[in-house]
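A.B. asks: The structure under discussion is supplied below as C-alpha cells; questions concerning it will follow.
The values are calculated or read from the model by the stated rules, or taken from the named source; none is laboratory data. Because the structure is a prediction, the values reported are computed rather than measured. No Cβ is skipped: glycine too gets one built from the backbone with ideal geometry, and neighbour counts run over all protein chains shown.
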Amino acid sequence: MDFSLSKRTPIVTRDDAGFGQHDMSSTDLLAEADPNIVPLSVHPVLLPIPTDMAYSYSAPADWNLAPGDIVRVPLGPRKVAGVVWPAHKYGDGGKEVDPAKLREIAHKFPCPPVGEDMLDFVAWVANYTLASPGMVMQMVLRVPAAFDPEPPMPAIIYNGGEPDRLTGARTKVLELARETYDASSGNNQPLAWTRTGLAKAAGVSTSVVDGLIKQNLFDAVSIEPRPVVAKPEAGFRPTDLSQAQAQVADELSSRIGDGFSVTLIDGVTGSGKTEVYFEAVAAALEAGQQVLILIPEISLTTSFLERFEKRFGAPPAPWHSDLTPKNRERIWRQVASGEVRVVAGARSALFLPFNEPGLIIVDEEHDLAYKQDERVAYNARDMAVVRARIGGFPAILASATPSIESHVNADTGRYHRVVLPNRHSGAVLPDLSVVDMRGLKLPANQFLSPNLKQAMTETIERDEQSLLFLNRRGYAPLTLCRACGHRFECTQCTAWLVEHRFRGTLECHHCGHHQAKPESCPSCGALDYLVPCGPGVERLAEEVEDAFPDARTIILSSDLMGGTNRLRLELEAIERGEADIIIGTQLVAKGHNFPLMTLVGVVDADLGLSGGDPRAAERTFQMLSQVTGRAGRFGRKSQGILQSYQPDHPVMQAIIAGDRDLFYEREIQMRQRGHLPPFGRLAAIIISANSKTEAEGHARQLASAGRPVAEQAEGITMLGPAEAPMAMVRGRHRQRLLVHATRQADIQSFLRAFLAAGPKTRGSVRVNTDVDPQSFV
Ligand code: ADP
Ligand code: ZN
C-alpha cells in the first residue's frame with residue numbers, strides 16, 4: 001500500500017469526529033467529478049516521543065483510518081510507528097495545522113488496532129503520572145516488528161528421490177525425512193522440516209542437508225507460523241482444594257464476567273493463593289477471556305510456568321526483559337490476535353494489546369518491582385486496577401503481606417478481601433526468634449551469631465537446607481584506608497564503592513562504574529592498609545566456608561556469572577536439594593518453593609529500617625515475612641532467626657510475635673496521623689543537571705515561581721527544594737521538591753499548574769515528576 005499522492009490535489013476534511021465516522025459526502029462528489037482528485041482526511045497520530053500532542057497527518061479517505069490504527073508516518077528524516085489518536089476525546093495539543101504543510105501517513109499496518117480500552121488506558125496513565133501520552137504509548141508500541149504478520153517459515157519436504165551417493169550423515173537425514181513418506185501407497189504425507197531443524201534432529205551439519213537439497217531431493221514449501229504456546233484448558237487438571245481454599249476460589253470465580261471489582265487475597269505464605277487464583281483463571285478461560293498474571297521476577301520463576309502447565313495443560317506466554325526479540329515479537333502479535341490466552345509477565349505486560357481481557361492478577365502485590373522509576377513513573381499494581389476498571393473486568397491482588405494501601409482499601413470496603421489463614425495441609429509457619437546483636441562481641445570478620453550457627457549445624461545434621469539472607473551484593477559495602485581514613489566513593493554518585501572480591505573490583509551499584517581494587521591507598525599511598533567494612537554475601541560465604549567446610553554452599557545474587565539462566569539453574573538445583581546452605585540477596589526471597597528449606601537466618605534484619613523512607617517499616621516487615629516464609633513450606637518444622645541491633649523495634653516485635661494485625665494497626669495509625677499515603681498523597685519533583693549550580697538554580701526558580709500556585713491550592717503543601725539524599729547519580733546533581741496533598745486535592749492539576757508556572761528547562765536541566773513515589777532517595 002505505497003500511495004504516492006504527489007500529483008493529487010489534496011482536499012482536506014478535518015477528521016477528528018470520532019471512531020470511524022467519516023462524513024465524506026462533499027469530497028466524494030468532487031472525486032466523482034474529477035477522478036484525479038483523491039479525498040484526503042486528516043488524522044491526529046500519537047507518536048512514541050516525549051510530546052504532549054498528537055501530530056496531524058493526512059491519508060486517503062478511503063483508507064478509512066480510525067482511532068487505534070497503527071500507522072507509519074514520517075517524523076523529520078525518520079519514519080516511525082504511531083497510533084491514530086482519538087483527539088476529539090483527549091485533545092491533540094490544540095494546534096491547527098496548515099493543510100498545505102501536512103505530511104502523509106506512509107502506511108497502515110495490517111495488525112489489529114489498539115483497542116479503545118487501551119487508548120483510554122494510555123490517556124489515563126499519562127494524565128495520572130504526568131508523563132506525555134507519547135511516552136506511555138511507547139510502552140504499547142515496544143515491538144514494531146510485530147505490526148507486520150509473521151512471515152511463513154521456509155521449509156522443505158522430501159520428494160522421494162535418491163542421492164548420487166550415500167554417506168552416513170546423508171542416511172541419517174534421509175531416514176528422518178522419509179519417515180512418513182511411503183511411495184508405494186501413493187498416499188504420501190511427508191513431513192515438512194526447516195533446513196536447520198532437520199540437520200539438528202539428524203545430528204549433522206546443515207551443509208549435509210544443503211547438499212541433498214542441491215540434488216533436488218526436497219521441495220520447497222512454507223509452513224504456517226505456530227502458536228507460541230498451546231491453548232490452556234480450563235478443565236485440564238483441577239486441583240483438589242481444601243474447603244477454605246474452595247470457598248475463596250468460588251468467590252473469585254463468581255466475579256468473572258461480572259464487571260469491575262478488586263479482590264485482595266490475603267493469605268500466609270504457602271496457603272495456596274496461587275492454587276486459588278488459578279480457579280479464577282479457569283473461569284475466565286471458560287468465559288472466553290484473556291488473562292494477565294503479573295509476577296515480580298518472572299524470568300526466574302520457571303516453577304510458576306510449570307505449575308500453570310500442570311493445572312492447564314499448557315504454559316502461559318511469558319513476558320519479561322529476557323525474552324529473545326523473536327519471541328517478544330511473536331508473543332506481542334499473538335496477544336493482539338487473541339491466539340495467546342494467558343500471559344505471565346513483569347510489569348510491562350500491562351501494556352500488551354490484549355483484545356479480550358477478562359482478568360488481571362497481581363501476585364505479590366506489595367512488591368517494589370512493580371514500581372517503575374525511570375521514564376514513565378508508574379506503579380503496575382495500581383495501574384492494573386485502573387486497566388481493569390476501564391475494561392470493566394475484575395482484578396485480583398495477592399499477597400501474604402499486603403501493602404498498607406491495599407489493606408486499607410479492603411478495610412474500607414473498596415476492595416473485597418478473602419483470607420487464607422493457614423498453610424496448606426498442616427504445614428506450619430516457622431518459629432521466629434530474634435538474636436540481640438548489641439551485647440554480642442563477634443570476632444572481626446564474623447557476622448553470624450552462635451545461635452544461628454548452632455541452628456545451621458542442626459539443620460545440616462537433619463539433611464535440610466539453611467538460607468542466610470543478606471540484601472547486600474558483593475564482598476563489603478565500604479572499603480577504608482586505616483592509615484588516612486580515605487573512603488572509596490563513586491565519583492559520579494553519592495555512594496560508596498562496593499568491593500567484589502571474585503572479580504577483584506570496586507563497583508558502584510548505582511551507575512555501574514567499576515575499577516580494579518588497588519593495593520595501596522590512592523590518597524596517602526600506604527600499602528596494605530585497606531580494609532573492608534561490613535558484610536556482603538561474598539564475605540558471608542567466606543565465614544560459612546570456614547565454619548562449615550563440608551557443606552555445599554551456594555551464593556545467589558544478581559552478580560552470578562552466567563546471568564538469569566545460571567541463576568535459574570541454581571534455583572532449580574536448590575529445589576532438588578543439591579545445596580546445604582544458600583546465601584542470598586532478595587532474589588531468593590521471592591516466590592520460590594524449596595522443599596528442604598527449614599532454617600532462614602536474616603543476617604542484618606535492621607538493614608531496611610535506616611534512612612528517612614516513610615515506607616521503611618512496611619518494607620522491612622514485608623521483606624522479613626517473605627524471607628522467613630521460605631522456610632518449612634512442605635510440612636517440616638522450621639525456624640527463622642533474625643539478627644537485630646533494634647530487637648525492640650515495633651516491626652521486629654510484631655514479626656516475632658506473629659502479630660501481623662498489630663503491625664498493620666500501628667502502621668496505619670502512624671500513616672493516618674502523618675496524613676501519609678493512603679490517607680494523603682505524595683509526589684516528588686526531581687530536578688537534575690550536570691552541575692550542582694544549575695540544578696540548584698533551577699530548583700529555586702521553580703519553587704519561587706510556583707509558590708503562588710501552591711499557596712492558592714487547597715490542601716497542598718510544598719516542601720523543599722533540598723538536595724536529594726542521593727545528591728548525585730551518574731554524574732547528575734539532584735534537587736528535590738516534595739508535594740504533600742490531602743486525599744481530596746487534585747494533585748495532578750496542581751502539579752501541572754506548578755510546573756507550567758516555572759521557568760523553561762535550559763541546558764542540562766531535567767525535571768521529572770513521580771506521583772506516589774516509592775523511593776525517597
Ligand atoms: P502461596 O501462593 O499462598 O504461597 P501456593 O499456591 O504456592 O501458596 O501453595 C504452596 C504449596 O502448597 C505449593 O507447592 C502448592 O502446590 C501446594 N498446595 C496448596 N494448595 C494445595 C492443594 N489444595 N492441593 C495440593 N497442593 C496444594
Ligand atoms: Zn556511581
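A.B. asks: If I filter the range 407-418 down to residues being surrounded by fewer than 19 Cβ atoms within 10 Å (Cβ to Cβ) and within 26 Å of the chain's Cα centre (by Cα), which single residue comes out as farthest from Gln245 (Cα to Cα)? I'd like the intermediate steps shown before the answer.
C.D. replies: If we filter the range 407-418 for residues that are surrounded by fewer than 19 Cβ atoms within 10 Å (Cβ to Cβ), which is where we start, we get 411-414, 416-417.
In the following step, the residues that additionally are within 26 Å of the chain's Cα centre (by Cα) were identified as 414, 416-417.
On the way: Arg414: 23, His416: 16, Arg417: 14 Å.
Here the answer is Arg414.
A.B. asks: So, restricting to strands (runs of 3 or more DSSP E) that lie completely within the range 425-529, which ones have at least 1 residues that are closer than 30 Å to Ala724 by Cβ? Don't jump to the end; show me each part of the working.
C.D. replies: Details: elements: 431-436, 465-469, 478-481, 498-500, 505-507, 514-516.
In the range 425-529, 465-469, 478-481, 498-500, 505-507, 514-516 are the strands (runs of 3 or more DSSP E) which contain 1 or more residues that are closer than 30 Å to Ala724 by Cβ.
A.B. asks: Which members of the range 749-775 meet the condition of being touching a strand residue (DSSP E or B) at 6+ places or on another chain (Cβ under 7 Å) and either crowded, with 18+ Cβ neighbours inside 10 Å or within 19 Å of Gln372 (Cα to Cα) (or both)?
C.D. replies: Selection gives Phe750, Leu751, Val765, Arg766, Val767, Asn768, Thr769, Asp770, Val771, Asp772, Pro773, Gln774.
A.B. asks: Oh, and also: Can you tell me which of Gly439, Gly426 is within 16 Å of ligand 1 (Cβ to nearest atom) and over 30 Å from Lys692 (Cβ atoms)? Show your work before the answer.
C.D. replies: Numbers: Gly439 fails: within 16 Å of ligand 1 (Cβ to nearest atom).
Exactly one of Gly439, Gly426 is within 16 Å of ligand 1 (Cβ to nearest atom) and over 30 Å from Lys692 (Cβ atoms), namely Gly426.
A.B. asks: Then there is this: Given the residues Tyr90, Tyr158, which is the only one that is within 22 Å of Met383 (Cβ to Cβ) and among the aromatic types (Phe, Trp, Tyr)? Walk me through how you get there before you give the answer.
C.D. replies: Values: Tyr158 fails: within 22 Å of Met383 (Cβ to Cβ).
Only one candidate qualifies: Tyr90.
A.B. asks: Could you grab the pairs with beta carbons closer than 6 Å, sequence gap of 6+ or different chains, first residue in the range 478-499 and at positive phi and in contact (Cβ under 8 Å) with a residue 24 or more places away in the chain, second one of a type in the set (Phe, Trp, Tyr) and away from ligand 2 (no atom under 15 Å from the Cβ)?
C.D. replies: So the pair list comes out empty.
A.B. asks: Would you check if there is a residue in the range 482-491 being closer than 19 Å to Leu587 by Cα and within 16 Å of ligand 2 (Cβ to nearest atom)?
C.D. replies: The first filter runs over the range 482-491 and keeps only residues closer than 19 Å to Leu587 by Cα, leaving none.
Within the range 482-491 (the criterion being closer than 19 Å to Leu587 by Cα and within 16 Å of ligand 2 (Cβ to nearest atom)), the answer is no, since none of the residues qualifies.
A.B. asks: Also, quick follow-up: Can you list the helices (runs of 4 or more DSSP H) found entirely within the range 66-143 that contain at least 2 residues being among the acidic types (Asp, Glu) and without any contact (Cβ under 8 Å) to a residue 60 or more places away in the chain?
C.D. replies: Details: elements: 87-90, 116-129, 133-140.
Counting at least 2 such residues, we get no helices (runs of 4 or more DSSP H) at all.
A.B. asks: Which pairs have Cβ atoms under 9 Å, sit 6 or more apart or on different chains, and link a residue in the range 208-229 that is without any contact (Cβ under 8 Å) to a residue 40 or more places away in the chain and over 13 Å from Trp193 (Cβ atoms) to one that is among the hydrophobic types (A, V, I, L, M, F, W, C) and assigned to a strand (DSSP E or B)?
C.D. replies: These pairs meet every condition: Arg226/Met153.
A.B. asks: Let me ask you something else. Looking at Ser704 and the list (1) surrounded by 21 or more Cβ atoms within 10 Å (Cβ to Cβ); (2) more than 17 Å from Asp772 (Cβ to Cβ), which single condition is not satisfied?
C.D. replies: The failed condition is (1).
A.B. asks: Give the residue, chosen from Ser348, Ser271, Ser303, Ser299, that is away from ligand 2 (no atom under 16 Å from the Cβ) and either farther than 25 Å from Phe634 by Cα or assigned to a strand (DSSP E or B) (or both).
C.D. replies: On the way: Ser271 fails: either farther than 25 Å from Phe634 by Cα or assigned to a strand (DSSP E or B) (or both); Ser303 fails: either farther than 25 Å from Phe634 by Cα or assigned to a strand (DSSP E or B) (or both); Ser299 fails: either farther than 25 Å from Phe634 by Cα or assigned to a strand (DSSP E or B) (or both).
Going through Ser348, Ser271, Ser303, Ser299 in turn, the sole match is Ser348.
A.B. asks: For Arg619, state whether it is surrounded by 15 or more Cβ atoms within 10 Å (Cβ to Cβ), closer than 30 Å to Arg743 by Cβ and either at pLDDT 85 or above or touching a Phe, Trp or Tyr at 6+ places or on another chain (Cβ under 9 Å) (or both).
C.D. replies: For Arg619, the condition - surrounded by 15 or more Cβ atoms within 10 Å (Cβ to Cβ), closer than 30 Å to Arg743 by Cβ and either at pLDDT 85 or above or touching a Phe, Trp or Tyr at 6+ places or on another chain (Cβ under 9 Å) (or both) - is met.
A.B. asks: Taking the range 239-250, which residues are outside any loop (DSSP other than H, G, I, E, B) and either modelled with pLDDT under 95 or of a type outside the set (D, E, K, R) (or both)? Reasoning before the result, please.
C.D. replies: Start the filter on the range 239-250 by keeping residues that are outside any loop (DSSP other than H, G, I, E, B), which leaves 243-250.
Gln243, Ala244, Gln245, Ala246, Gln247, Val248, Ala249, listed by residue number.
A.B. asks: Run down Glu309, Glu329 and say which single residue is assigned to a helix (DSSP H, G or I) and more than 19 Å from the chain's Cα centre (by Cα).
C.D. replies: Numbers: Glu329 fails: more than 19 Å from the chain's Cα centre (by Cα).
One residue alone meets the criteria, Glu309.
A.B. asks: Quick one: which of Gly601, Gly635, Gly608 is of a type outside the set (D, E, K, R) and assigned to a loop (DSSP other than H, G, I, E, B)?
C.D. replies: Values: Gly601 fails: assigned to a loop (DSSP other than H, G, I, E, B); Gly608 fails: assigned to a loop (DSSP other than H, G, I, E, B).
Just a single option satisfies the conditions, and that option is Gly635.
A.B. asks: Assess whether Ala455 counts as being within 13 Å of ligand 2 (Cβ to nearest atom), among the hydrophobic types (A, V, I, L, M, F, W, C) and at negative phi.
C.D. replies: Numbers: within 13 Å of ligand 2 (Cβ to nearest atom): no; among the hydrophobic types (A, V, I, L, M, F, W, C): yes; at negative phi: yes.
Judged against the criteria, Ala455 is not a match.
A.B. asks: Hey, could you check the range 230-263 for residues that are among the β-branched types (Val, Ile, Thr) and away from ligand 1 (no atom under 15 Å from the Cβ) and say which is farthest from the chain's Cα centre (by Cα)? Quick ask: steps written out before the conclusion?
C.D. replies: Start the filter on the range 230-263 by keeping residues that are among the β-branched types (Val, Ile, Thr), which leaves 239, 248, 256, 262-263.
The next check asks that each one be away from ligand 1 (no atom under 15 Å from the Cβ); those that pass are 256, 262.
Working: Ile256: 25, Val262: 21 Å.
Here the answer is Ile256.
A.B. asks: Here is a follow-up. Taking the stated definitions as given, is Tyr475 over 30 Å from Leu527 (Cβ atoms) and either more than 16 Å from ligand 2 (Cβ to nearest atom) or of a type in the set (A, V, I, L, M, F, W, C) (or both)?
C.D. replies: Values: over 30 Å from Leu527 (Cβ atoms): no; either more than 16 Å from ligand 2 (Cβ to nearest atom) or of a type in the set (A, V, I, L, M, F, W, C) (or both): yes.
The answer is no for Tyr475.
Residue by residue, here is whether (1) surrounded by fewer than 19 Cβ atoms within 10 Å (Cβ to Cβ); (2) in a loop (DSSP other than H, G, I, E, B) holds:
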residue	(1), (2)
Ala199	no, no
Asp210	yes, no
Arg226	yes, yes
Ala230	yes, yes
Arg237	yes, yes
Leu252	no, no
Asp258	yes, yes
Val262	no, no
Ile265	no, no
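A.B. asks: If you take the residues of the range 15-69 that are among the small types (Gly, Ala, Ser) and modelled with pLDDT of 90 or more, which of them is farthest from the chain's Cα centre (by Cα)?
C.D. replies: Of all residues in the range 15-69, those among the small types (Gly, Ala, Ser) come to 17-18, 20, 25-26, 31, 33, 41, 54, 56, 58-59, 61, 66, 68.
Keeping just the survivors that are modelled with pLDDT of 90 or more gives 56, 58-59, 61, 66, 68.
Working: Ser56: 33, Ser58: 37, Ala59: 37, Ala61: 40, Ala66: 31, Gly68: 25 Å.
Residue satisfying both the conditions and the ranking: Ala61.
A.B. asks: Quick one: in the range 188-208, of everything that is more than 42 Å from the chain's Cα centre (by Cα) and within 25 Å of Arg226 (Cβ to Cβ), which residue is modelled with the highest pLDDT?
C.D. replies: Pro190
A.B. asks: Of the conditions (1) modelled with pLDDT of 95 or more; (2) surrounded by fewer than 17 Cβ atoms within 10 Å (Cβ to Cβ); (3) of a type outside the set (A, V, I, L, M), Arg482 clears all except one; give me its number.
C.D. replies: Only one criterion is unmet by Arg482, namely (1).
A.B. asks: Please state which one of Leu624, Leu571, Leu567, Leu587 is assigned to a helix (DSSP H, G or I), closer than 17 Å to Ala455 by Cβ and out of contact with any Phe, Trp or Tyr (no Cβ under 8 Å at 6 or more places or on another chain).
C.D. replies: Numbers: Leu571 fails: closer than 17 Å to Ala455 by Cβ; Leu567 fails: closer than 17 Å to Ala455 by Cβ; Leu587 fails: closer than 17 Å to Ala455 by Cβ.
The match here is Leu624.
A.B. asks: With respect to the numbered conditions (1) crowded, with 20+ Cβ neighbours inside 10 Å; (2) modelled with pLDDT of 85 or more; (3) out of contact with any Gly (no Cβ under 9 Å at 6 or more places or on another chain), which one is the sole condition not fulfilled by Val602?
C.D. replies: Answer for Val602: the failing condition is (3).
A.B. asks: Among the candidates Pro725, Pro708, Pro721, single out the residue that is within 16 Å of ligand 2 (Cβ to nearest atom) and either part of a strand (DSSP E or B) or free of Cβ contacts under 8 Å to residues at least 60 places away in the same chain (or both). Outline the logic, then answer.
C.D. replies: Details: Pro708 fails: within 16 Å of ligand 2 (Cβ to nearest atom); Pro721 fails: within 16 Å of ligand 2 (Cβ to nearest atom).
Sole residue among the options that is within 16 Å of ligand 2 (Cβ to nearest atom) and either part of a strand (DSSP E or B) or free of Cβ contacts under 8 Å to residues at least 60 places away in the same chain (or both): Pro725.
A.B. asks: On the given criteria, is Ile293 part of a strand (DSSP E or B), in contact (Cβ under 8 Å) with a residue 40 or more places away in the chain and within 11 Å of ligand 1 (Cβ to nearest atom)?
C.D. replies: So Ile293 fails the test.
A.B. asks: Among the residues of the range 734-743, is there at least one that is basic (Lys, Arg), closer than 21 Å to Pro50 by Cβ and without any contact (Cβ under 8 Å) to a residue 12 or more places away in the chain?
C.D. replies: There is no residue in the range 734-743 that is basic (Lys, Arg), closer than 21 Å to Pro50 by Cβ and without any contact (Cβ under 8 Å) to a residue 12 or more places away in the chain.
A.B. asks: Mind listing whichever residues of the range 485-501 are in contact with a Gly (Cβ under 9 Å, 6 or more places away or on another chain) and surrounded by fewer than 17 Cβ atoms within 10 Å (Cβ to Cβ)?
C.D. replies: Thr491, Gln492, Arg501
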